[in-house]
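Here's the structure we're looking at; comments come further down.
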Amino acid sequence: MYKVESATKLADRVYEYWIRAPQVAKHARAGQFIILRLHEAGERVPLTISAVRGDTVRVIFMAVGKTTQELATLHAGDSIKDVVGPLGKPSEIENYGTCCIIGGGVGIASTPLIAKELKNAGNHVIGIIGARNADLLILEDEMQEICDEFYITTDDGSKGVHGFAADVLKKLLEERKIDRVWIIGPAIMMKVTSGVTVPYGVKTYVSLNPIMVDGTGMCGSCRVTVGGETKFACVDGPEFDAHQVDFVELMQRQRIYTGQEKVSLERFAEHQCRCGEGGHHHE
Amino acid sequence: MSDRPADVRVHDFREVDTGLSAAEAIAEAERCLQCKKPLCVRGCPVCIDIPAFIREIADGNFPRAARSLKDQNMLPAICGRVCPQEAQCEGVCILGNKETPIRIGALERFVADWERGNGPELPEVAKPTGKRVAVVGSGPAGLTAAAELARAGHAVTIFESLHEAGGVLTYGIPAFRLPKEVVKAEIDQVLALGARLKKNHLAGRSISMDELLDYDAVFLGTGAGLPAFMCIPGENLNGVYSANEFLTRVNLMHADAFPAFDTPVLHGARVAVIGGGNVAMDSARVARRLGAKVSLIYRRGEEEMPARKAEVLHANEEGIEFFTCTNPTRILGEQCCVTGIECVKMSLCGIDASGRRSPEPIEGSEFTLDVDMVIQAIGTSPNPLLVSLIPGLERGRRGNVAVDKNGRTSIPHVYAGGDIATGAATVIEAMGSAKRAAAAINAMLKGE
């Protein structure tokens, strides 16, 4: 069993959990993820490792599906049945010169570890975090502290630059040389934002989040097409060269179980109602 | 012993073969000629003293039969069910020349089941040697190595990346062929010998290579987990599965019981399974139990199928439609979902490197099957994750770990067995190679 050390609500439907998992914490590197299973009837769900402190790892997630909603009902002191990790290849950290790291929505969760390791490797690190509105921005202070330069964007202009992270990135690319870019967020955001770096020929990494089962290269559920070849995101990734990724296929494959996910969620909501659970214990 | 009727069993995941009664087992055991030079033992990859345990059954002494069996094999209830006895012990039984060979597998299963039901007796464990051994993977090879080494008194730690032990026994072979409580009970027996199991530990990631190599000996039994795909157009459409994924969703994650269990699986109405091995039969029969009309597509003839004859027969009985001498060329889709599979008929001519007739496409024989789901069961290759992380570990041509006949790798105290060393093979072959490696590890640790 893996104990939840703390559970905090960061924004609407967005939660930050610190989970005790010594074997993960000891070896975790930027860009890697865990798979957790809540209980005997649970599914295996991948979540990016957002930070490490002692024996604990941090995950940040949006409670949108059945499992993430159920996870969000856990309190500090509760336990998770299974946690395995760190999985996937670590980010390719080197001293490249100037690196820009972009997080969109809940994808911001992945940015601090990568930014920190890039910084430690001697890079000049530019951070951009973007969300639909100011209320959905997370990890602002943390990223501000790590990054040499830091930008905020909101779609509605309620904080920082009015617009998308892609707009800020484009402006930066016009002004100076950027050596590497990382983009982490929803698939559509990664697709659009990574398109910006193509004409500048800047190597750009994206962290892909397809559906997984084992997460160790055994099933191929997470297969993605990269540069015309089939890759397994769990072991060949999750980070890939953005300019080679077939994002349309990724988004299609993310929708395989839309119907079942709805059934599962409705069943869970019904159960929560009957048990009188509100699901707002974190405020 | 009898098989449950096909029209009944396709509606559940309970075991097909109901096993022998005590009277049937004794009668069968009495047929054994008790050969002086038993061929059956030579046909057994783990060298079970077959006449000895059969003699005990004939005498009605089931506890002694179990003891004799477990002397060489700690997983008898599993082996009794999934070993291809017809190609091993039973295949060489002298009685097979005139009548039917002794049903050794059924007898092995009977004894193991009898013992499980009557409180298993634990084999003797040597006193602690103070040596630490890491076993990576808890499939047939890892469990066998762990059992042998724990019995020799070494402190064994098994590392398993999944949340359940058993490897392919748990995620791969369906319950109607190998009930999960049988697997669990035999794993518990291995653990009762003193082996420690660390689940949720992916070696190379959750434990570093340095931590692993710090053990006095390491046994790699990470299996052939990497699924092969055909590399034909349409393969990444929604509704195309590797057999590994489809079977894992059902066997390990219980997707057949969705939404009571959270993991979903697609329920195709018409499913094509590609392949002719045991995994293809398992996939087809699981899909059938999920309610599909199943077509099995294999590029050679039924005679050439690598699956056990009994499994081919079971699949046939359960209404799986066979398209032999047929090869898929393209998976068709609309709106990213599968709508059909385009195939070509094959003619068999010449003999290829595998000794089987070599299939060639027949021009103009293309046809399309209307299906909404495809499962590819065309083989797996050695899991590259861990072995690629061990510097200096020599690998063979197919990505397997290179070993000598005793399972020694290119690194002095690292051994390997099972599919990671041999490439995809059977449960019992994995166990045989693990046993040889365990013996070599034991000799090394004793300074012999």
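The values are calculated or read from the model by the stated rules, or taken from the named source; none is laboratory data. Please read all numbers here as calculations on a predicted model, not as lab measurements. Don't worry about glycine lacking a Cβ; one is built from the backbone with ideal geometry, like all the others, and counts go over all protein chains shown.
Take the conditions (1) within 11 Å of chain A (Cβ to nearest Cβ); (2) of a type in the set (S, T, N, Q); (3) outside any loop (DSSP other than H, G, I, E, B); B:GLN189 misses just one of them, which is (1).
When B:CYS35, B:CYS44, B:CYS40 are checked against the criterion of being hydrophobic (A, V, I, L, M, F, W, C), more than 23 Å from the chain's Cα centre (by Cα) and surrounded by 14 or more Cβ atoms within 10 Å (Cβ to Cβ), B:CYS35 stands alone in meeting it.
Return yes when B:TYR215 is within 11 Å of another protein chain (Cβ to nearest Cβ) and aromatic (Phe, Trp, Tyr) and no when it is not. For B:TYR215, the condition - within 11 Å of another protein chain (Cβ to nearest Cβ) and aromatic (Phe, Trp, Tyr) - is not met. Any chance region B:303-311 includes a residue that's touching a strand residue (DSSP E or B) at 6+ places or on another chain (Cβ under 9 Å), in a helix (DSSP H, G or I) and within 21 Å of B:MET373 (Cα to Cα)? Among the residues of region B:303-311, not one is touching a strand residue (DSSP E or B) at 6+ places or on another chain (Cβ under 9 Å), in a helix (DSSP H, G or I) and within 21 Å of B:MET373 (Cα to Cα), which makes the answer no. Quick check on B:GLY119: is it at pLDDT below 95, among the small types (Gly, Ala, Ser) and assigned to a loop (DSSP other than H, G, I, E, B)? Answer is yes for this residue. Region A:221-279 holds strands (runs of 3 or more DSSP E) entirely within its bounds, and those carrying 1 or more residues that are without any contact (Cβ under 8 Å) to a residue 60 or more places away in the chain and within 13 Å of chain B (Cβ to nearest Cβ) map to A:223-226, A:229-232.
Residue count for region B:219-234, restricted to those that are facing chain A (nearest Cβ under 9 Å) and surrounded by 19 or more Cβ atoms within 10 Å (Cβ to Cβ): 4.
Does region A:7-26 include one or more residues that are polar (S, T, N, Q) and assigned to a loop (DSSP other than H, G, I, E, B)? For region A:7-26, residues polar (S, T, N, Q) and assigned to a loop (DSSP other than H, G, I, E, B): absent. Checked against the criterion of being among the small types (Gly, Ala, Ser) and in contact with a Gly (Cβ under 8 Å, 6 or more places away or on another chain), the candidates B:ALA87, B:ALA112 yield just one match: B:ALA112.
Note on region B:214-243: residues that are closer than 18 Å to A:ASP236 by Cα and not in a loop (DSSP other than H, G, I, E, B) amount to 3. Count of region B:386-409 residues, restricted to those that are surrounded by fewer than 18 Cβ atoms within 10 Å (Cβ to Cβ) and either part of a strand (DSSP E or B) or of a type in the set (S, T, N, Q) (or both), is 3.
With respect to (1) buried (at least 24 other Cβ atoms within 10 Å of the Cβ); (2) within 14 Å of chain A (Cβ to nearest Cβ); (3) among the small types (Gly, Ala, Ser), the lone exception for B:GLY142 is condition (2). Does B:VAL273 meet the test of being closer than 17 Å to A:ILE256 by Cα and either at pLDDT 95 or above or outside any helix (DSSP H, G or I) (or both)? Here the answer is no, as B:VAL273 does not meet what is asked.
Taken together, the criteria exclude B:ASN244 from residues that are free of Cβ contacts under 8 Å to residues at least 40 places away in the same chain and facing chain A (nearest Cβ under 9 Å).
Close Cβ contacts (under 9 Å, 6 or more residues apart or on different chains) running from residues in region B:380-405 that are in contact (Cβ under 8 Å) with a residue 24 or more places away in the chain to residues that are among the aromatic types (Phe, Trp, Tyr) comprise B:VAL403/B:TYR415. The condition (being away from chain B (no Cβ under 13 Å) and among the hydrophobic types (A, V, I, L, M, F, W, C)) is satisfied by just one residue among A:ALA41, A:ALA28, A:ALA21, A:ALA51: A:ALA51. Part of a loop (DSSP other than H, G, I, E, B), within 25 Å of B:THR248 (Cα to Cα) and modelled with pLDDT of 90 or more, is that true of B:GLY340? Spelling it out, it is not the case that B:GLY340 is part of a loop (DSSP other than H, G, I, E, B), within 25 Å of B:THR248 (Cα to Cα) and modelled with pLDDT of 90 or more. Restrict the check to region B:341-353 and report whether at least one residue is among the polar types (S, T, N, Q) and surrounded by fewer than 19 Cβ atoms within 10 Å (Cβ to Cβ). Yes, region B:341-353 contains a residue that is among the polar types (S, T, N, Q) and surrounded by fewer than 19 Cβ atoms within 10 Å (Cβ to Cβ). Report yes if some residue within region A:65-85 is assigned to a loop (DSSP other than H, G, I, E, B), at the interface with chain B (Cβ under 9 Å from one of its Cβ atoms) and over 29 Å from A:ARG132 (Cα atoms); otherwise report no. Yes, region A:65-85 contains at least one residue that is assigned to a loop (DSSP other than H, G, I, E, B), at the interface with chain B (Cβ under 9 Å from one of its Cβ atoms) and over 29 Å from A:ARG132 (Cα atoms). Listed by first and then second residue, the pairs with beta-carbon distance under 9 Å, at least 6 apart or on different chains, first residue in region B:209-223 and closer than 15 Å to B:MET444 by Cβ, second basic (Lys, Arg), are B:TYR215/B:LYS131; B:TYR215/B:ARG132; B:ASP216/B:LYS131; B:ASP216/B:ARG132; B:ALA217/B:LYS131; B:ALA217/B:ARG132.
Considering region A:13-29, and only residues there that are touching a residue at least 40 places away in the same chain (Cβ under 8 Å) and among the charged types (D, E, K, R), the residue that is surrounded by the most Cβ atoms within 10 Å (Cβ to Cβ) turns out to be A:GLU16.
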